[in-house]
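Data block below; observations after.
The values are calculated or read from the model by the stated rules, or taken from the named source; none is laboratory data. Since the structure is predicted, the reported quantities are computational estimates derived from the model, not experimental observations. So basically every Cβ, Gly included, is an ideal-geometry build from the backbone, and we count neighbours across all protein chains shown. To get the accessible areas, we keep the full protein, side chains included, count just its heavy atoms, and leave off ligands, DNA and RNA. Shrake-Rupley method; radii C 1.70, N 1.55, O 1.52, S 1.80 Å.
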Amino acid sequence: MGQPVREYLLTLCVTAAVTYLLTGPVRKFAIAAGAMPEIRARDVHREPTPRLGGIAMFGGLCAGLLVSAHLTNIKSVFEFSNEPRALLSGAALIWILGVLDDKWGVDALIKLGGQMIAAGVMVLQGLTILWIPVPGVGTVSLTPMQGTLLTVALVVITINAVNFVDGLDGLASGMVCIAAAAFFMYAYRIWYGYGLEAAAPASLFAAILMGMCLGFLPHNMHPARIFMGDSGSMLIGLVLAAGAISVTGQVDPDAMQLFAGSERLAVHTMVPVYIPLLLPLTIIAVPFADLVLAIVRRTWNGQSPFTADRGHLHHRLLEIGHSHSRAVLIMYFWSALIAFGAVAYSVNNASVWIVLGIVVLSAVGLGLLLLPRFRPRAPRWAQWMVPPRYRRQAGPAAAEGTAPEAGPSGAAAASEEEQREPVPAGIHGATAIGDRSRFSDWRGVGSRH
């Protein structure tokens, strides 16, 4: 079992390295190509930033598939399954559509049609849902039309959920990386825990997806030097959906042989069968909730569901006083809690400690939401390991809680003037720099345009 893990780790590292190394040249290309749109009212960055980061992520995807096809244990996925080729075909289509949108802009309905076409291409090559386990009924086989519709719906929902949450530096790539890690744990357990080769493609897709996100994150963390754009957000959304479809609709629940014993025992042992129905939703629970709330909000206000605004969850976190970095970390926390909580429950659903741990962590997450002004301070011996904003200030003036007077150099006065410097005209949006009162009403920001 150790050998496949090392091969997956090698695939992940190659994917991350290629993505990381390609992002720098792609950034220069995006600047030269003019893929740097003007700052919009709903944006939170202060300077024009190049897009097209999805080009580097697609290069990492291709590299990961190419390397894994020559590894001893993983190459069987390419020999006995057409799913990797189906994923590459759908990913290429959605990536081209995203690149066109990042450079010239594409109508929302055209993008929706392109997403459906990419999902249909994967279905035609065998990456589709064949059956679903239904609680109380058992395994239900789907007709080709039902499987196609369900597959296309899952792909479109996942792509748009990831695209909607891509509003802060490092948010979408980090959340998808967390989801992919949880998904890899589940798919790998199905493969080697139950000996089902049908779960191998999903494990490969999750490992490659983690590499794509990890390789891009160093360039995308706040302050971001490049954005993934729709070419990246739709791409990682499609890869995430492909893994969920593979393990949900291709793995036969009857092959797990979980139906022996009493009825009560069967209910407990069937949990790993039903988790595939829930796991694709839990790993995108936060983006999916944001998607649903956005559609309801815009429809209620008489707007199109595809109209952009500043009412997403990450915008609300900024409005209540959280900094940019803290808002991203809070979203990471909730994504990890939901995704890994679902995986832990599938492993041992009878453990009270798992449920208790999820409840306690949920309370911690709620506490973090209610403390936007709380800034933890690292102990003195660990200050060299944390950013300057988390270090303790030295000096008697800092200990008394008073600001130091400006000396001959005027450093303190200059620092205060920089903090109070107004935002240049034409730049709107909440930000981690400055007071939140500057953007006290996000509705007002959007109404001026």
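Spin-label model, R85 to A69: label points 7 Å out along the Cα-to-beta-carbon direction sit 0.9 nm apart.
Averaging Cα coordinates gives a centre for the range 180-224 and one for the range 71-110; these two points are 16 Å apart. Computed from label points 7 Å out along Cα-Cβ, the spacing between I320 and L21 is 4.4 nm.
Apply 1/(1 + (r/R0)^6) to the Cβ-Cβ distance of A108 and E47, taking R0 = 22 Å, and write down the FRET efficiency to the nearest 0.05. Calculated value: 0.25.
Based on C-alpha pairs under 8 angstrom that are at least 6 apart in sequence, the range 117-252 has a relative contact order of 35 percent.
Rounded to whole numbers, the Karplus 3J(HN,Hα) couplings from phi for the range 224-235 are 5, 8, 7, 9, 6, x, 5, 5, x, 5, 5, 5 Hz, using 6.51 cos²θ - 1.76 cosθ + 1.60 with θ = phi - 60°, and x at Gly and Pro. Which ³J(HN,Hα) values, rounded to whole Hz and listed in residue order, are derived for the range 67-80 from phi using the Karplus coefficients 6.51, -1.76 and 1.60 in 6.51 cos²θ - 1.76 cosθ + 1.60 with θ = phi - 60°, glycine and proline given as x? Along the range 67-80, the couplings run 5, 5, 5, 10, 8, 4, 8, 7, 5, 5, 4, 7, 7, 10 Hz. Scanning residues 5 or more positions from T139 or on other chains, those with amide H under 5 Å from its amide H are V134, with H placed 1.01 Å from N in the peptide plane. Accessible surface of E197, taken over heavy atoms with a 1.4 Å probe and every protein chain present, rounds to 120 Å². Surface composition of the range 92-206: carbon and sulfur make up 74 percent of the accessible area, probe 1.4 Å. Once the Cβ-Cβ distance of W353 and M145 is raised to the sixth power relative to R0 = 35 Å, the FRET efficiency obtained is 0.20.
Close amide-amide hydrogen proximity is noted between F227 and R51, G53, each under 5 Å apart and 5 or more residues distant or on a separate chain (H modeled in the peptide plane; Pro and chain starts excluded). Using a probe of 1.4 Å, the accessible surface attributed to C213 totals some 0 Å² when neighbouring protein chains are kept in position.
Each residue of the range 48-54 was assigned a 3J(HN,Hα) from its phi angle through the Karplus expression (A = 6.51, B = -1.76, C = 1.60, θ = phi - 60°), giving x, 10, x, 9, 6, x, x Hz with x at Gly and Pro. Among Y8, Y194, Y332, Y20, the order of accessible area from largest down is Y20, Y194, Y332, Y8, computed with a 1.4 Å probe on protein heavy atoms.
Candidate cross-link partners of K28 among the lysines, defined by an alpha-carbon separation under 17 Å and a same-chain spacing of 8 or more, comprise K103. Measuring with a 1.4 angstrom probe and ignoring ligands and nucleic acids, T11 comes out at about 0 Å² accessible.
With a simple spin-label model that places each label point 7 Å from the Cα along the Cα-to-Cβ direction, the separation between V360 and Y194 comes to 3.1 nm. A full extension of the chain between L124 and W381 corresponds to an added length of 86.6 nm, given 0.36 nm per residue minus the alpha carbon distance. The residues of the range 113-190 expose on average 35 square angstrom of accessible surface per residue, using a 1.4 Å probe on protein heavy atoms.
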